[in-house]
Amino acid sequence: MESVRYYIQEGILYEPVIPDIHDWPIARLFRKKQRFLQEVIGESTSQLAEFAAREGMTISDLIERTMYLERIRMTEEPWKVDPRDEKPFWSQMKKQLVRNEQESISADLLNLRTQEMLESIVERYANEIVSTFKPNSYHFAKRFLPVLFSTLLNASAGKTLRSMVNHNVQLQERILLAGETEAIRSLTKHGTIVLAPTHLSNMDSILVGWGLHALGLPAFTYGAGLNLFNTPILPHFMMRLGAYKVDRRKKNPIYRSTLDAYSTINLVEGVHSLFFPGGTRSRSGAIEKKVKLGLLGTAVEAQRRNFRDGPRSGSGKIFVVPLVMSYHFVLEAASLINQHLKYTGQEQYYLANDDFANYRKFLKFVWTTFSKSSDIVLSFGKPMDIFGNFVDNQGNSYDTQGRPVDIRQYFMSQGEVREDAQRDAEYTRMLGEKIVERYHIEHHVFSSHVVAFVAFQMLKREYKQFDLYGLLRLPEEERVLEIPAFKETLERVLYRLNELASAGKVHLSRHMINDTTGIFEHGIKNLGIYHAQRPLRIQDEKHLVSNNMNLLYYYHNRLTGYGLEKYI
């Protein structure tokens with residue numbers, strides 16, 4: 001087999017780019033937290049007034065629409081983490097609207113009252129969203145996580161207390177940092193980074209946080225789903241490490257405006273940010289093929305403002321870095337694929353009960369990850385500006401022909417930097433497409449991905465008469481594959497993957513530098529090793545069998561989008 005294109009920074013912990021934690025952009029911002037919040041509130045309130053005018057609405061109409069959507073949310077999707085005073089607050093808003101309608105007051109007084117109500121709602125949302133950053137909490141986390149994970153690694157070497165002392169297995173030997181690490185370190189000195197990872201698991205944020213620390217980067221702020229704050233321990237740390245809360249149930253315009261203002265001002269202040277452009281974990285297991293544009297749009301808006309008003313920090317330039325995360329197995333895979341199949345299949349698929357992750361399950365997963373799995377890869381992609389042009393280590397932009405580009409010109413109209421919502425929305429859409437394109441290129445293929453893909457596609461070819469849902473319901477005695485035929489097919493797929501890697505269209509992980517038999521054995525060993533029902537296992541010397549077709553389908557999906565089906 002041809003040599004594999006592979007770039008890994010292994011076993012390295014970098015010196016901090018900014019040695020003093022109090023000089024980090026996120027630390028500077030939260031020293032003036034109240035002023036920052038007031039700016040968010042003022043910005044959002046102003047934007048909402050403009051939005052209402054464009055849509056031919058009054059502020060009262062906007063508030064009524066928000067109240068209606070909030071009543072539905074509180075009735076149909078209540079969560080334990082929701083504030084206890086929600087219903088009284090919205091009840092009071094309702095009373096004020098009724099009073100405004102019933103009393104004979106001047107237009108000026110009515111406008112004043114509704115403006116105060118709007119500010120009250122925005123302030124409530126802003127205080128719900130806002131995080132903080134505590135240097136002491138960060139210092140504790142950076143000491144605690146490596147000790148926890150390295151203890152698991154060292155214990156796994158011999159499963160005894162003595163092994164924990166005698167073995168010196170390092171965390172960075174298992175979590176490998178691939179790609180443009182030096183460029184990213186350099187760019188933190190020249191502007192603001194937006195990190196855009198793929199999203200598979202709730203473990204992602206923890207591992208990305210460790211990866212950023214290992215690279216010596218300042219802490220990033222990031223939006224964490226409000227559902228994660230339902231647990232009793234995680235919120236204590238997340239709230240002190242820059243994780244602001246995102247409630248995806250809230251789809252009303254006032255909440256969205258407040259969240260966008262929060263993100264935009266973070267970026268204008270030079271705080272490095274992490275967005276999951278997919279919006280949520282990939283339910284199918286596939287690499288994102290499209291992304292949500294809301295928070296990405298705040299990067300475009302922040303870049304325009306920096307050009308218009310002058311930067312508050314550094315050069316004012318914003319860089320986007322795709323990040324692809326690769327695991328052999330995912331804690332929540334069973335429940336995620338069930339959700340995906342229920343959504344796509346509707347009545348064709350019957351959802352089984354699934355006990356979602358609890359602490360015992362989580363700890364078992366962490367143990368399995370670090371004691372048995374050989375690799376986790378964080379692949380940092382080529383940095384880009386917000387228009388998808390690649391940038392050098394100093395942040396200069398270049399087009400596809402390698403010519404310097406002045407991206408300020410993209411925002412110019414009649415000789416000035418001007419706001420144009422339609423134009424900026426198109427810029428955001430183009431950025432989203434570029435990120436998806438880079439995801440597939442920066443992806444590091446694992447042996448487990450390949451064997452799952454080959455197995456599922458071989459079964460699909462054998463049972464052409466079934467649709468997807470019929471295939472997933474195959475009885476176990478019919479989910480059997482002959483190993484010699486499997487290896488022949490695997491060889492063809494591996495040859496094609498090497499061609500793609502040589503053309504720079506994908507990366508192959510280091511354990512893929514092996515012959516077909518070695519990759520076969522490594523893939524079978526690692527595929528879904530955490531799960532009680534294995535997606536694929538060796539039944540006897542001549543046969544493979546799938547104990548769980550849903551999981552086989554989930555892990556297979558990681559290699560869709562590369563045109564490998566025709567090599568089966």
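Note on the stretch 19-38: residues that are without any contact (Cβ under 8 Å) to a residue 60 or more places away in the chain and more than 20 Å from Gly316 (Cα to Cα) amount to 6.
Would you check if Ile483 is closer than 25 Å to Ile538 by Cβ and in contact (Cβ under 8 Å) with a residue 40 or more places away in the chain? Judged against the criteria, Ile483 is a match. Report whether or not Glu43 is at pLDDT 90 or above, farther than 30 Å from Arg174 by Cβ and surrounded by 14 or more Cβ atoms within 10 Å (Cβ to Cβ). Yes.
Which of the following residues is buried (at least 17 other Cβ atoms within 10 Å of the Cβ), of a type in the set (S, T, N, Q) and modelled with pLDDT of 85 or more: Ser201, Ser137, Ser150? Explain how you work it out, then say what you get.
On the way: Ser137 fails: modelled with pLDDT of 85 or more; Ser150 fails: modelled with pLDDT of 85 or more.
When all the criteria are applied, what remains is Ser201.
Taking the stated definitions as given, is Val81 under 25 Å from the mean Cα position of the chain (by Cα), modelled with pLDDT of 95 or more and among the hydrophobic types (A, V, I, L, M, F, W, C)?
So Val81 does not fit the description; no.
Would you confirm whether or not the stretch 243-251 contains a residue that is out of contact with any Leu (no Cβ under 9 Å at 6 or more places or on another chain) and either closer than 30 Å to Gly395 by Cβ or of a type in the set (Val, Ile, Thr) (or both)? Checked the stretch 243-251: no residue is out of contact with any Leu (no Cβ under 9 Å at 6 or more places or on another chain) and either closer than 30 Å to Gly395 by Cβ or of a type in the set (Val, Ile, Thr) (or both). Hey, among the residues in the stretch 81-106 that are in a loop (DSSP other than H, G, I, E, B) and out of contact with any helix residue (DSSP H, G or I) (no Cβ under 7 Å at 6 or more places or on another chain), which one's nearest to Arg249 (Cα to Cα)? By that ranking, first place goes to Asp82. The residue that is modelled with the highest pLDDT, counting only those in the stretch 1-40 that are charged (D, E, K, R) and closer than 30 Å to Ser447 by Cβ, is Glu10.
Scanning the stretch 46-62 for residues that are touching a residue at least 24 places away in the same chain (Cβ under 8 Å) and over 10 Å from Gln115 (Cα atoms) yields a count of 5.
Considering the conditions (1) at pLDDT 90 or above; (2) of a type outside the set (D, E, K, R); (3) under 30 Å from Arg28 (Cβ atoms), Leu69 is excluded by exactly one of them, (3).
Looking only at the stretch 298-313, filter to residues that are small (Gly, Ala, Ser) and crowded, with 22+ Cβ neighbours inside 10 Å; which one of those is nearest to Asp385 (Cα to Cα)? Restricting to residues being small (Gly, Ala, Ser) and crowded, with 22+ Cβ neighbours inside 10 Å, the top hit is Ala299.
With the condition kept exactly as written, say whether any residue in the stretch 253-274 is of a type in the set (Asp, Glu) and buried (at least 22 other Cβ atoms within 10 Å of the Cβ). Even if it seems obvious, please write down each step before you answer.
Within the stretch 253-274, the subset of a type in the set (Asp, Glu) is 260, 269.
Then keep just the ones that are buried (at least 22 other Cβ atoms within 10 Å of the Cβ); that gives none.
Scanning the stretch 253-274, I find no residue that is of a type in the set (Asp, Glu) and buried (at least 22 other Cβ atoms within 10 Å of the Cβ), so the answer is no.
The single condition among (1) closer than 20 Å to Val291 by Cα; (2) of a type in the set (Phe, Trp, Tyr); (3) in the same structural domain as Glu488 (by TED's automatic domain parsing) that Tyr439 does not meet is (3). Residues of the stretch 375-388 that are touching an Asp or Glu at 6+ places or on another chain (Cβ under 9 Å), crowded, with 17+ Cβ neighbours inside 10 Å and on the phi < 0 side of the Ramachandran plot: Ser379, Phe380, Gly381, Pro383. Scanning the stretch 31-40 for residues that are surrounded by fewer than 20 Cβ atoms within 10 Å (Cβ to Cβ) and either part of a helix (DSSP H, G or I) or among the polar types (S, T, N, Q) (or both) yields Lys33, Gln34, Arg35, Phe36, Leu37, Gln38, Glu39. Does Tyr495 satisfy being closer than 23 Å to Asp375 by Cα and not in a loop (DSSP other than H, G, I, E, B)? In short, yes. Within the stretch 536-568, the set of residues being under 28 Å from the mean Cα position of the chain (by Cα) and over 25 Å from Tyr439 (Cα atoms) comprises Leu536, Asn548, Met549. Count of the stretch 73-85 residues, restricted to those that are surrounded by 12 or more Cβ atoms within 10 Å (Cβ to Cβ) and over 14 Å from Asp247 (Cα atoms), is 0. If you check Thr264 against the conditions, is it among the polar types (S, T, N, Q) and either touching a residue at least 40 places away in the same chain (Cβ under 8 Å) or assigned by TED's automatic domain parsing to the domain that holds Arg124 (or both)? Here the answer is yes, as Thr264 does meet what is asked. Which one of these is modelled with pLDDT under 60, touching a helix residue (DSSP H, G or I) at 6+ places or on another chain (Cβ under 8 Å) and closer than 30 Å to Ser201 by Cα: Asp385, Asp354? Being modelled with pLDDT under 60, touching a helix residue (DSSP H, G or I) at 6+ places or on another chain (Cβ under 8 Å) and closer than 30 Å to Ser201 by Cα holds for just one of Asp385, Asp354, which is Asp354.
Residue check, Arg185 against (1) modelled with pLDDT of 95 or more; (2) under 23 Å from His440 (Cβ atoms), all met but one. Which one? Looking at each condition in turn, Arg185 falls short on (2).
Somewhere in the stretch 395-413, is a residue in contact (Cβ under 8 Å) with a residue 40 or more places away in the chain and more than 18 Å from Asp309 (Cβ to Cβ)?
yes
Would you please name the residue that is modelled with the lowest pLDDT, looking only at residues in the stretch 93-117 that are polar (S, T, N, Q) and loosely packed, with under 13 Cβ neighbours inside 10 Å? Among those that are polar (S, T, N, Q) and loosely packed, with under 13 Cβ neighbours inside 10 Å, it is Ser104.
The values are calculated or read from the model by the stated rules, or taken from the named source; none is laboratory data. For clarity, every value in this text was computed on a predicted model and none was experimentally measured. Every residue, glycine among them, receives a Cβ derived from its backbone with ideal geometry; neighbour counts consider all protein chains shown.
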